[in-house]
1. With a cut-off of at most 11 other beta carbons within 10 Å, and DSSP calling the residue loop, which trypsin sites (Lys or Arg not before Pro) in region 48-106 qualify? Please list them.
2. Determine the order of Glu90, Glu21, Glu35 by accessible area, beginning with the largest, at a probe radius of 1.4 Å.
3. From the square roots a ≥ b ≥ c of the eigenvalues of the alpha-carbon gyration tensor of region 32-111, which class results: rounded (a/c under 1.5), prolate (a/b over b/c), or oblate?
4. Please arrange Thr93, Thr106, Thr51 by accessible surface area, largest first, computed with a 1.4 Å probe and ligands excluded.
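The values are calculated or read from the model by the stated rules, or taken from the named source; none is laboratory data. Since we're looking at a predicted model, the values are computed, not measured. So basically every Cβ, Gly included, is an ideal-geometry build from the backbone, and we count neighbours across all protein chains shown. Each accessible area value is taken on the protein alone, full model and side chains, heavy atoms only, with ligands, DNA and RNA left out. Shrake-Rupley method; radii C 1.70, N 1.55, O 1.52, S 1.80 Å.
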Amino acid sequence: MSEKTPDKSKDKGVDARKLREMLQYNIAKICEAEEASMDLRISRRCGAVLTDLVIDRTKILAADLEMFAKHAKRATITVDDVNLCVRKNESVTQKLEEFSNQRLTTKEPST
């Protein structure tokens, strides 16, 4: 009995394309807001390059997070792994710490 399994590679391609389009749209909106606040013009090409940069950096970050979790013999990526990835960038480390603290203070107590 041979059942045909759906080709997930096609789905991934569609999802990746959709995510890229959404990211590019949001980067364009951010660029528009920055243009207005800084009185400058950001080209469409610059927005496309920023999209590529974000995607590339995200892939690198994902691989690093996976390696940190595996090194710790875990199957789950934790905040500690993220902290390890951003440890050399003080402003990101500070923002992540503020975000984590905010989440802890607004989290409802478990019963």
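1. On the way: sites: Arg57, Lys59, Lys70, Lys73, Arg74, Arg87, Lys88, Lys95, Arg103; in loops: Lys73, Arg74, Arg87, Lys88.
Those satisfying the criteria are Lys73, Arg87, Lys88.
2. On the way: Glu90 155, Glu21 110, Glu35 40 Å².
So the residues, ranked largest to smallest area, are Glu90, Glu21, Glu35.
3. Working: a/c = 2.79, a/b = 1.50, b/c = 1.86.
Verdict is oblate for region 32-111.
4. Values: Thr93 40, Thr106 100, Thr51 0 Å².
Ranked from most to least accessible, the order is Thr106, Thr93, Thr51.
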